[in-house]
Amino acid sequence: MHIYRGHIVYSKSWDELAVHRDSYIAVSGGIVEGIYDRLPEKYADAPMTDFGDDVLIPAFSDLHVHAPQFPQRGLGMDLLLSDWLNTYTFPQEARYRDMDYARAVYEAFVNSLIANGTYHACVFGTIHRPATAWLIERMEQEKLRAYVGKVNMDMQSPDYLCETAEASLRETEVFLDACAGNRFARPIITPRFAPTCSFELLRGLGKLGAKYGVGVQTHLVESRWEAAEAVRLYPECGCDTGIYEKAGLLENGPVVAAHFIFPSDEDVRILKRCGGFAVQCPDATVNIIAGIMATDALSRQGVRLALGSDIAGGHLSGIYGQAARAVQLSKLKWFYEPEGNRPITFANAFYMATKAGGALFGRVGSLEPGYAFDALVIRDFSDPFRSLSPEETVERFCYTGNPADIVAGFIAGEAVRGR
Ligand code: GUN
Ligand code: FE
C-alpha cells in the first residue's frame, strides 16, 4: 500500500477530463484503490510520497510504432509513402538480420518509450524472427504491456526484405509459440499491409491467429494509393478491411488498424463489428501520407480511436505530442472539409492518448479505482507570468513538453528506473 499526493488528472470518457486538485491516490498491489481529497483514517499509517504541485496522469499508450525504424527518425520526410518505404524504410529494416545491430537499436527504442512515458505499445518488428523475439522479451522484462509482431511480407517487396509465404508462416508460428506464456508483452500477427501480402499468406496467418488466439495489427486505408492498391489486388474482398476479414484475421483477438484515413462505409462497418481500434498517427499522416483522419466523425460513428507515433513515419516518440497534433489536424480537417467534420477538444485527444488506447492492453490508461497504477508525474508548468491549473499543465505539457518534464513514472505501482 502506498499513498501519492498531488494534483491528479485523467480521462473518464471521450468528453470528460477528471481533475482532483491536492488529492491523495491510494495504490495497493499495483492497483488504484481510490482518490480522496482528504486522506481516510484507514490510510493514516501508510507510506506517502508528496509531489507538491506536480500533476499525476496515466501513462501513455502508443498503438502504432515501428521499433526498427527508430534510427530513421526525421529522415526522408519530403517523400510520400511508397517512395519513403523504398528509399529509406526497406533498406533500414533489412539491417535486422544482424542481431548485434538489432539488440543495440531495440535497447535504445525501449529506453525511448520509457523516457517518454509510453508504458503500453503496439509494436511492429521486421520480418526477422530472432530480432523481433529479442525485442518482445526485452519489453516483457521491463513489464511494458505491449503487443509485438514479426512482420509478414511475401510480395511486391525488395528481394532483401521478402519472404516466401511458407517461410513467413513457419517463422510466425515459431514466434507465437515462443512467447505464448508472456504476461506483459504479447505477440500479435503483423502483415505489413495488403500490397505486400499474398492471400495465401494472409489466410495462413488467419489460421495461426485462430490456433493461438492472437489478434492482428496492420496498416489500413492509410493513403489513397494504398486503399486503391488493396482493392486492385483483392477486388473480391470489396475493401481493404474486407481482405483481413476474409482471411479470418479479425476474429481471434484484438484488431489494430493503423491510420484508417480513407475508409469506405464497408471498412467502417467491418472494423466496428470486430471492435477494432483505428489508430491516428498525426505526425506520420502529415509527413508521408498526406491525409487526415476524420477523428470526430469516426468517433461519432462509434469507432474505437487511439493514437500512435508511427516512428519513423512520425518523427517524434512522445504520444503527448501526438495528442496536441491530433487537435491541430482536426481543425484543418474541419476547415477544409466542414461537411461532417468538427474540431476535437484537448480532452478528446488526451482520452485517445490514455484511456482509449490503454483499453487494448487491459485496465490501464486511467487512474480510476481498479486500474493499474501505470502513471506519470508531470512537473508543474506554471511560470512567473502565469500560474496554471492542473489541466492547463497537462495541456501545455502535451504541446511543449519533453521527457525531462516527466519527473516520476510508475508501472503497476513500481517506480520506473531512471526516474
Ligand atoms: N505502410 C506499409 N509499411 C509502412 C510503414 O513502415 N510505415 C507506414 N507509416 N506505413 C506503412
Ligand atoms: Fe506504420
Within the bounds of the stretch 338-347, is there any residue that is of a type in the set (Asp, Glu) and touching a residue at least 12 places away in the same chain (Cβ under 8 Å)?
no
Which members of the stretch 279-297 meet the condition of being surrounded by fewer than 24 Cβ atoms within 10 Å (Cβ to Cβ), within 15 Å of ligand 2 (Cβ to nearest atom) and not β-branched (Val, Ile, Thr)?
Asp283, Asn287, Ala290, Gly291
Checking Val32 against (1) assigned to a strand (DSSP E or B); (2) among the hydrophobic types (A, V, I, L, M, F, W, C); (3) out of contact with any Leu (no Cβ under 6 Å at 6 or more places or on another chain), which test does it fail?
(3)
Counted residues in the stretch 364-383 being farther than 11 Å from Ile8 by Cα, more than 18 Å from the chain's Cα centre (by Cα) and assigned to a strand (DSSP E or B) come to 1
I need the strands (runs of 3 or more DSSP E) fully contained in the stretch 41-136, keeping only those with at least 3 residues that are within 16 Å of ligand 2 (Cβ to nearest atom).
60-66, 118-124
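I'd like the full set of residues that are more than 21 Å from Phe60 (Cα to Cα), at pLDDT 95 or above and within 16 Å of ligand 1 (Cβ to nearest atom), limited to the stretch 283-307.
Of everything in the stretch 283-307, those that are more than 21 Å from Phe60 (Cα to Cα), at pLDDT 95 or above and within 16 Å of ligand 1 (Cβ to nearest atom) turn out to be Val286, Asn287, Ile288, Ile292.
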Among the residues of the stretch 240-296, which ones are assigned to a loop (DSSP other than H, G, I, E, B) and among the acidic types (Asp, Glu)?
Glu251
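Among the hydroxyl-bearing types (Ser, Thr, Tyr) and touching a strand residue (DSSP E or B) at 6+ places or on another chain (Cβ under 8 Å): does that describe Tyr336?
Details: among the hydroxyl-bearing types (Ser, Thr, Tyr): yes; touching a strand residue (DSSP E or B) at 6+ places or on another chain (Cβ under 8 Å): no.
No; evaluated as a whole, the condition is false for this residue.
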Considering the stretch 137-170, residues that are within 25 Å of Gly276 (Cβ to Cβ) and part of a helix (DSSP H, G or I), and then whichever is farthest from the chain's Cα centre (by Cα), we arrive at Ala165
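Go through Ala67, Ala94, Ala26, Ala44 for me and flag whichever is over 30 Å from Gly291 (Cβ atoms) and open to solvent by less than 30 Å² (accessible area, probe 1.4 Å).
Selected residue: Ala26, the only one of Ala67, Ala94, Ala26, Ala44 that is over 30 Å from Gly291 (Cβ atoms) and open to solvent by less than 30 Å² (accessible area, probe 1.4 Å).
What number of residues within the stretch 213-239 are in a helix (DSSP H, G or I), away from ligand 2 (no atom under 16 Å from the Cβ) and under 25 Å from the mean Cα position of the chain (by Cα)?
Going residue by residue through the stretch 213-239, those that are in a helix (DSSP H, G or I) are 224-233, 235-237.
Still in the list and also away from ligand 2 (no atom under 16 Å from the Cβ): 224, 228, 231-233, 235-237.
Those left that are additionally under 25 Å from the mean Cα position of the chain (by Cα): 224.
Residues that pass the stated criteria total 1.
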Assess whether Ser317 counts as being within 16 Å of ligand 2 (Cβ to nearest atom), open to solvent by less than 10 Å² (accessible area, probe 1.4 Å) and of a type in the set (Ser, Thr, Tyr).
no
Hey, Phe193 hits all of (1) closer than 30 Å to Val394 by Cβ; (2) within 16 Å of ligand 2 (Cβ to nearest atom) but one; which does it fall short on?
(1)
Within the stretch 250-261, of all residues that are away from ligand 2 (no atom under 16 Å from the Cβ) and in contact with a Cys (Cβ under 9 Å, 6 or more places away or on another chain), the one most open to solvent (accessible area, probe 1.4 Å) is Glu251
Among the listed residues Lys333, Lys355, identify the single one that is at pLDDT 95 or above and open to solvent by 30 Å² or more (accessible area, probe 1.4 Å).
Lys355
Positions within the stretch 382-400 being touching a helix residue (DSSP H, G or I) at 6+ places or on another chain (Cβ under 6 Å) and open to solvent by 10 Å² or more (accessible area, probe 1.4 Å), in sequence order:
Glu395, Tyr399
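The values are calculated or read from the model by the stated rules, or taken from the named source; none is laboratory data. What you see is a predicted model; the values in this text were computed from it and never measured. Methodologically, a virtual Cβ is constructed for each residue, glycine included, from the backbone with ideal geometry; neighbour enumeration extends over all protein chains shown. In case anyone asks, the SASA skips ligands and DNA or RNA and just uses the protein heavy atoms, side chains included. Shrake-Rupley method; radii C 1.70, N 1.55, O 1.52, S 1.80 Å.
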